[in-house]
Every structure is written in structure tokens, then in C-alpha cells.
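Enquirer: First the structure, which I've put down as C-alpha cells, then a few questions once you've had a look.
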Amino acid sequence: MNEVIAELHNIGKTYHTGKVNFEALRGINLKIERGEYIAILGPSGSGKSTLMQIIGCLSTPTVGSYFLAGKEVSKLSGDELAKIRNLYIGFVFQKFNLMPQMTAVDNVALPLVYRGIKTEERRKQAKDILRHIGLGQHFSHHANELSGGQQQRVAIARALVTNPEIILADEPTGNLDSKSGAEIINLFGEFNAKGKTVIIITHDVSMARHAKRIIEIQDGSISASR
Amino acid sequence: MALGTGFCERSKHDLMDIAGNSMAVWQRATSKSYRGYPKGQTNRITIADVIALPKVLPSIEMVSPMLNKSATLSYMGKAYMKGVWGVTADHVKLAKLKIATGGRFFIQIDVERQARVAVISNKVKQVFFGKNGNALGAKFLIDGVSFTIIGVLADDEKNKLDRDEDVFISYKSYQEMYGDKYIEKYFFVVTKPNVSTMQAEQILRSYFAGKYNFDKNDKEAMGFWGSSKIQESISWYLLGIQIFLSVCGMMVLAVGSLGVANIMFLIVAERTYEIGLRKAIGATDQQIFLQIFLEVLVIAVVGGIIGLASVFLTTTFLQHITLPAWIGAPKLSWLTAAIAFLVLALIELVTGFFPARRAAKMDPIEALLT
């Protein structure tokens with residue numbers, strides 16, 4: 001059995017809107033081992049995005065505890081969580097979320113800024129990753145000069161550049177055509193084969209099938225894990 | 001502001017140039033009883049009193065009795081009704097008159113001999129001799145008495161101010177013609193360079209008080225209008241202009257500040273998504289705050305430098321083109337520029353601080369959803 005990289009105990013998340021309380025997650029217990037390839041599957045409004053935010057340390061649970069790389073992170077401050085995200089998590093968003101005014105290299109190098117790495121070294125690492133994922137010809141291209149698939153590859157490169165423990169992808173093929181989507185899925189498969197922990201949040205069953213474990217979410221609870 | 005400063009300095013200079021150390025003096029009814037004389041006495045200062053002043057009072061440099069009447073001027077059958085002044089030979093210096101080339105003002109010896117010589121204004125010359133005609137040496141009549149023209153006032157801006165219609169003759173010729181003995185209106189004195197007109201007021205009042213038996217502390221007994229009074233009124237006038245300019249400056253600063261605050265707000269609003277992303281990939285609140293705040297600082301400094309450079313270039317340009325003389329050369333006040341720069345920089349920092357703090361406190365999830 002591999003080392004547990006993330007462990008959620010009885011996690012609950014309640015949103016307060018005026019006098020209305022909305023329980024987005026309740027009683028979530030989940031162990032994720034290093035090198036797993038997991039798909040969190042659920043329909044819209046099921047709580048899967050909230051779960052992704054908690055796993056990615058973008059949000060903290062209302063109740064329960066969350067251990068990431070052996071450290072309890074559910075009660076940390078905003079700045080501490082930012083550092084944790086920078087160290088352990090690589091995000092891939094549905095809308096790519098690239099900086100339009102920056103080149104591909106600068107976009108990929110951005111997370112390294114917050115590690116205090118010098119510009120030259122940042123750019124070198126960013127170029128290495130871009131080359132690795134087949135964008136060696138697009139270093140100085142801006143986001144609007146790249147196709148959707150290429151933009152998502154740049155976003156994946158940005159997620160990988162810090163060599164994180166977990167790659168967390170939220171509907172990564174949602175804005176792509178089927179061919180580009182398939183290429184991205186293959187990339188995730190490659191990373192996982194090299195030992196990376198990959199978690200994909202999706203409502204698409206066919207995409208979830210590429211993962212080694214599927215966790216289904218329904219009304220804020222885990223309804224199945226297979 | 002630079003234009004305003006130039007205008008103020010030019011006005012001050014022009015008015016002081018006209019006034020110099022000179023002062024108009026006139027007599028009024030006394031307001032205090034003195035040694036048995038009831039108040040309300042009008043002292044009759046004679047022309048001889050005035051002429052004697054430079055000899056009896058060391059603080060007085062020169063005088064002019066400013067005798068004045070409206071007279072009929074005639075030449076070659078053409079008649080013209082204008083003011084004639086009976087003045088001393090010093091009047092040309094005292095009133096800073098400029099005489100056109102070829103002519104001269106009358107001198108002391110002309111006065112002593114009661115020479116029938118006159119200096120006329122350029123306008124009077126044009127009436128009788130045309131624009132290009134030669135008046136020098138011509139004889140014309142003042143109230144039927146023949147005078148030789150020895151000088152014409154230059155067609156100069158300063159001469160035009162209030163000398164357009166005048167003819168000047170010596171006070172002795174004037175007295176001979178009209179029999180005047182007393183100062184009917186006012187006379188001019190110029191003090192020595194080291195004596196202020198304020199001091200001269202005291203000296204003259206004391207002198208005439210002794211001579212005509214009124215209280216030397218009776219400020220109503222004599223009227224004075226000189227450079228000190230002009231200075232006083234100019235300073236109020238210039239203060240008014242400066243207050244107006246300051247208010248304009250403050251309004252410009254206020255409008256500028258609103259613009260800056262708006263820009264700062266937009267910088268953060270436009271970049272909410274970017275800030276969210278930066279926070280998601282590991283930026284701390286402090287790093288976001290510093291990033292936005294440094295950008296504000298750069299905008300403030302670069303904007304300030306561009307603004308100062310524009311002002312400097314515009315002022316330099318205006319200094320090198322011909323503007324109407326009354327405007328004066330624009331003068332850049334470095335103090336004003338520095339204050340404006342600092343105030344705007346401070347406002348930008350304050351208006352930048354709050355959006356930067358707002359950005360730093362942003363929830364990355366909410367920011368990413370925008």
C-alpha cells in the first residue's frame with residue numbers, strides 16, 4: 001500500500017446565505033494515496049466542486065479535519081493555505097485561467113514567483129516543462145495565439161512546474177473539442193504512470209472511466225467509490 | 001499656476017515701476033482742533049511751498065506741482081480742447097515719461113526763464129501734424145499764448161496709460177498765464193531712495209503742520225497716495241488672484257484625485273480574476289498587496305514625472321513665444337510643482353492602499369469565478 005497523501009475525516013461544508021444555510025458537503029471520509037488516479041464524479045450541484053476546493057486548500061471545511069502530506073490544514077490561515085497550495089497542489093481549471101498579457105513561458109513560470117525562484121531559473125524550468133508536453137515551439141506565444149488544447153497544455157505545464165504532490169483538475173476537458181480533450185486525458189494518464197497523484201473532477205462518466213478509482217458524489221455525500 | 005505667477009509678478013513690477021518712490025499729496029480739511037484753530041480748516045499749500053520742498057526737506061528728491069487746467073490748443077486754424085499741465089523740469093523723471101527721438105523735455109533753465117516751450121503727447125501731435133508730420137519747433141497756441149513744441153511723448157505703452165491727451169509746460173509759464181498761487185489739486189513728490197513713502201508721509205505732514213498750524217498727528221489733514229498704498233492694494237489684489245489660483249489648483253487636484261482613485265479602483269476590479277489565480281497558485285495576501293501597491297507607486301511616480309515634464313515644457317514654450325505684455329512671462333514655481341507632485345503622490349498612495357488591501361483580502365474562489 002502506498003503512502004496516504006491526503007486524508008479527509010468527516011468533512012462538512014455549510015454555506016450561509018442570509019438566514020439560509022446550505023450544506024454543500026457532509027460526512028466526507030476519503031483517503032488518497034500517492035500515485036492514485038481518481039475521478040470525482042457527480043452531477044451539477046452535487047458538491048464535487050466544493051470537495052475539490054477543500055482538497056486543493058482553496059477553502060476550509062466547516063467541520064472535520066483534513067491532513068495533506070501528514071499536516072492538518074483545515075484550520076490554517078489564508079496565507080498558510082496559499083503556501084500549502086504552492087507546495088503541494090497543481091491546479092488545472094476548466095477555463096484554462098491563463099494570463100492573457102503573458103507569454104506561455106511566463107504563464108508557466110508564474111507559480112515559481114511565489115517560491116522566490118529567480119527569473120532565469122523560473123524561465124528555464126518553464127521551458128523544460130513546455131518542451132516536455134510538446135509546446136516547445138510556443139514559448140513566446142500569448143494565450144490568444146494558442147488553440148484551446150494548447151492553452152490547456154500550458155495550464156497543465158503551469159500545474160506541473162512546481163512538481164506538486166497532487167494535480168487537481170476541474171473539468172479539464174469541458175471547454176475542448178473531443179480530439180484535444182483526448183490528448184489532455186492522455187497527458188494525465190502519462191503523469192500518473194510516472195507516479196503523480198491525479199484527481200479529476202468531472203460530471204462526464206466517459207472521462208471518469210480513464211481514472212483508476214471513481215468516487216461518486218451525490219447531495220454532498222460520497223455515494224459510491226469503486 | 002505658472003501663468004498666474006508670471007502675471008502677478010508682471011503686474012507688481014509694472015505698478016511699482018509706475019509708482020516707484022513717488023507719491024501724490026493733497027490737502028484736506030483738518031479733523032482735529034489745534035492751538036485755538038477749530039477743526040475743518042483747509043490749509044492752502046502754495047506752489048512755492050512745494051517747489052521749496054527738496055531744499056528744506058533732505059528726504060525729498062524732487063517735486064512737481066501738477067497744476068492742471070483744460071485749455072484750448074490751436075494750430076493753423078485747428079482748435080482742440082485738452083488738459084495742460086504746469087510741472088517742474090523734474091516731471092519727466094518723476095512721471096517716467098519717454099520723449100520721442102529728436103525732442104526733449106524742458107530743463108531748469110527753461111523754467112527759470114519762463115520759456116514758452118511745451119511738450120505734447122503723441123495724440124495731440126497727431127491731431128495737429130498728422131501721424132508722420134514733424135511737430136518739433138512748431139509754434140502753437142495754448143489759450144491764445146504762443147508756445148514752441150520742443151518734445152513729443154514717445155508712442156509708448158506707458159506714456160499712453162494716462163498721458164494721451166496732455167500738454168506739459170513749465171509751472172512758471174503756467175503761473176504767468178493763469179496766475180495760480182496755490183496747489184488746487186495735488187502735487188507729486190519723489191523721496192530719496194533710502195526713504196520710504198510711509199516715512200515721507202510723516203515728514204511732510206509734520207512739515208506742513210508746523211507751517212500751517214495743524215496737529216501733525218491729524219492724518220485727515222493731508223491725503224497721500226504713494227507706492228506704499230499701491231503696494232498695499234496690489235498685495236490684496238494679488239492675494240485675491242493667488243487665492244483664486246490656489247482654489248483652481250485645489251479643484252484640479254481634487255478632480256485629479258478622483259481620477260486617480262477611480263483608476264486604482266479599476267486596476268483592482270479589472271484584475272480580480274488575475275488576483276484570484278495568483279492566490280490559487282500560491283500568492284499570499286502580503287504578496288498581492290505589495291504587487292498592487294508597487295504598481296500604484298510606479299503609476300504615481302511616472303505620472304508625476306510626466307506631468308512635471310509637460311508643465312516644464314509648456315512653460316518653457318510659452319516663455320519663448322510672444323505673449324501680450326500684460327500677461328507676463330509664465331514662471332514655474334518649483335515649490336508649487338513640488339507640492340502638487342507630493343499631494344497627488346500622497347493621494348495616489350492613499351487611494352491605492354485601499355484597493356490593494358481589498359485585492360489582498362479577496363477570496364480566491366470568488367475571484368476566479370468573476
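Derivation of every value follows stated rules applied to the coordinates shown; laboratory data play no part. Everything quoted here is computed from the prediction, not taken from an experiment. We place every Cβ from the backbone using ideal geometry, glycine too, and count neighbours over all the protein chains shown.
Enquirer: Count the DSSP beta bridges whose two residues both fall in segment A:121-226, then state the antiparallel fraction as a percent rounded to the nearest 5.
Expert: Roughly 45 percent of the DSSP beta bridges within segment A:121-226 come out antiparallel.
Enquirer: Name the aspartates and glutamates eligible as straight-distance cross-link partners of residue B:32: C-alpha to C-alpha under 17 Å, and not fewer than 8 places from it in the same chain.
Expert: Straight-line reach from residue B:32, under 17 Å: B:215, B:218, B:220.
Enquirer: Which of A:92, A:63, A:113 moves the most in a Gaussian network model of chain A with Cα springs under 10 Å?
Expert: Looking only at A:92, A:63, A:113, the biggest GNM fluctuation is shown by A:113.
Enquirer: Still on this structure, I have one more. Amide H to amide H under 5 Å from residue A:40: which residues, 5+ apart in sequence or cross-chain, H placed 1.01 Å off N in plane?
Expert: Sorted by chain and number, the residues that satisfy this are A:200, A:201, A:202, A:215.
Enquirer: Which ³J(HN,Hα) values, rounded to whole Hz and listed in residue order, are derived for segment B:346-360 from phi using the Karplus coefficients 6.51, -1.76 and 1.60 in 6.51 cos²θ - 1.76 cosθ + 1.60 with θ = phi - 60°, glycine and proline given as x?
Expert: Coupling constants for segment B:346-360: 5, 4, 5, 5, 5, 6, x, 4, 5, x, 5, 5, 4, 4, 5 Hz.
Enquirer: Rounded to the nearest 5, what is the percent of antiparallel bridges among the DSSP beta bridges in the protein assembly as shown?
Expert: 70
Enquirer: Let me ask something additional. Stokes-Einstein diffusion coefficient for segment A:1-54 at 4 °C in a medium of 1.567 mPa s, Rh from the Kirkwood formula over Cα pairs: what value in µm²/s?
Expert: 103
Enquirer: Average partner chain C-beta neighbours within 10 Å, per residue of B:284-295?
Expert: Values: counts 9, 4, 2, 4, 1, 0, 0, 1, 0, 0, 0, 0.
So the per-residue partner count for this stretch is 2.
Enquirer: Kindly provide the helix-only [θ] at 222 nm of chain B, computed as the sum of -39,500 (n - 2.57) over DSSP H runs of four or more divided by all residues, to the nearest 500 deg cm²/dmol? Numbers along the way, then the final one.
Expert: Numbers: 13 runs with 198 residues, N = 370.
It comes out at -17500 deg cm²/dmol, rounded to the nearest 500.
Enquirer: Taking springs between alpha-carbon atoms closer than 10 angstrom, which of B:222, B:264, B:76 fluctuates most in the Gaussian network model of chain B?
Expert: B:76
Enquirer: Name the residues of segment A:144-176 whose amide N is less than 15 Å from a point 7 angstrom out from the Cα of residue B:365 along the C-beta direction?
Expert: What the label zone holds, given the 15 Å backbone N cut-off, is A:170.
Enquirer: Which ³J(HN,Hα) values, rounded to whole Hz and listed in residue order, are derived for segment A:192-209 from phi using the Karplus coefficients 6.51, -1.76 and 1.60 in 6.51 cos²θ - 1.76 cosθ + 1.60 with θ = phi - 60°, glycine and proline given as x?
Expert: 5, 4, 8, x, 7, 7, 10, 10, 10, 9, 8, 10, 9, 4, 5, 6, 4, 5
Enquirer: Take the cross-link list B:69/B:123; A:13/A:95; B:93/B:172; A:13/A:48; B:98/B:139 and give me the ones stretching past 23 Å between alpha-carbons.
Expert: A:13/A:95
Enquirer: Could you calculate the FRET efficiency of residue A:67 with residue B:317 from 1/(1 + (r/R0)^6), where r is the beta carbon distance between them and R0 is 45 Å, rounded to 0.05?
Expert: Working: r = 70 Å, r/R0 = 1.56.
So the FRET efficiency works out to roughly 0.05.
Enquirer: Moving on to the next point. For the pair residue A:205/residue B:28, report the inter-label distance in nm, with labels modelled 7 Å from Cα in the Cβ direction.
Expert: Distance between label points: 10.9 nm.
Enquirer: Okay, moving on. Mind jotting down the three principal axis lengths of chain B based on Cα atoms? Whole angstrom, largest first.
Expert: Taking max minus min along each principal axis of the Cα atoms, chain B gives 105, 61, 30 Å.
Enquirer: Per residue of segment B:258-269, what does 6.51 cos²θ - 1.76 cosθ + 1.60 with θ = phi - 60° give for ³J(HN,Hα)? Whole Hz please, x for Gly and Pro, Karplus curve as stated.
Expert: Couplings: 4, x, 5, 4, 5, 4, 4, 4, 5, 4, 6, 4 Hz.
Enquirer: Starting with the fewest neighbours, write out B:301, B:190 ranked by other beta-carbon atoms found within 10 Å of each beta-carbon.
Expert: Ascending number of Cβ neighbours within 10 Å: B:301, B:190.
Enquirer: Label 7 Å along Cα→Cβ of residue A:2; segment A:165-183 residues with amide nitrogen under 14 Å?
Expert: A:165-168
Enquirer: Percentage of Cα-Cα pair distances in chain A greater than 22 Å, rounded to whole percent?
Expert: The answer is 51 percent, as a whole percent.
Enquirer: So which aspartates and glutamates pass the test for residue B:279, namely a Cα distance under 19 Å, with those fewer than 8 places away in the same chain ruled out?
Expert: Qualifying aspartates and glutamates at Cα under 19 Å: A:79, A:80, A:106, A:165, A:170, B:270, B:295, B:363, B:366.
Enquirer: Follow-up. Rounded to a whole number of µm²/s, how large is the Stokes-Einstein D of segment A:22-79 at 37 °C and 0.692 mPa s, given Rh as the Kirkwood radius over C-alpha pairs?
Expert: The calculation lands on 262 µm²/s.
Enquirer: With springs only between Cα atoms under 10 Å apart, run a GNM on chain A and tell me which of A:142, A:16, A:132 wobbles the most.
Expert: Of A:142, A:16, A:132, the most mobile in the Gaussian network model is A:16.
Enquirer: Still on this structure: When all C-alpha to C-alpha distances in segment B:232-369 are sorted into bins of 5 Å, what percent of pairs does each bin hold, rounded to whole numbers?
Expert: Here the calculated profile for segment B:232-369 is 2, 9, 14, 16, 13, 11, 9, 7, 6, 5, 3, 2, 1, 0.
Enquirer: OK, next. Quickly work out the residue A:75-to-residue B:273 label distance, labels modelled 7 Å from Cα along the C-beta direction, and quote it in nm with one decimal.
Expert: If labels sit at residue B:273 and residue A:75, their model points lie 3.8 nm apart.
Enquirer: Hey, quick one: spin label on residue A:175, modelled 7 Å out along Cα-Cβ, who in segment A:188-226 has an amide N within reach, i.e. under 17 Å?
Expert: A:201-203
Enquirer: What residues have an amide H closer than 5 Å to that of residue B:45, excluding those fewer than 5 places away on the same chain, when H is modeled at 1.01 Å from N in the peptide plane?
Expert: B:183
Enquirer: Name the residues whose placed amide hydrogens come within less than 5 Å of the amide hydrogen of residue B:60, ignoring near sequence neighbours (fewer than 5 apart) on the same chain.
Expert: So residue B:60 has HN proximity to B:192.
Enquirer: Kindly work out what percent of the DSSP beta bridges joining two residues of segment B:29-220 are antiparallel, to the nearest 5.
Expert: DSSP beta bridges in segment B:29-220 are roughly 75 percent antiparallel.
Enquirer: Above 19 Å lies some portion of the pair distances; for segment A:81-215, what is it as a whole percent of all C-alpha pairs?
Expert: Distances greater than 19 Å cover 46 percent of the Cα pairs.
Enquirer: For a quick size check, give me the Cα extents of the protein assembly as shown along its three principal axes, largest first, whole Å.
Expert: Principal-axis extents of the protein assembly as shown (Cα, largest first): 134, 61, 39 Å.
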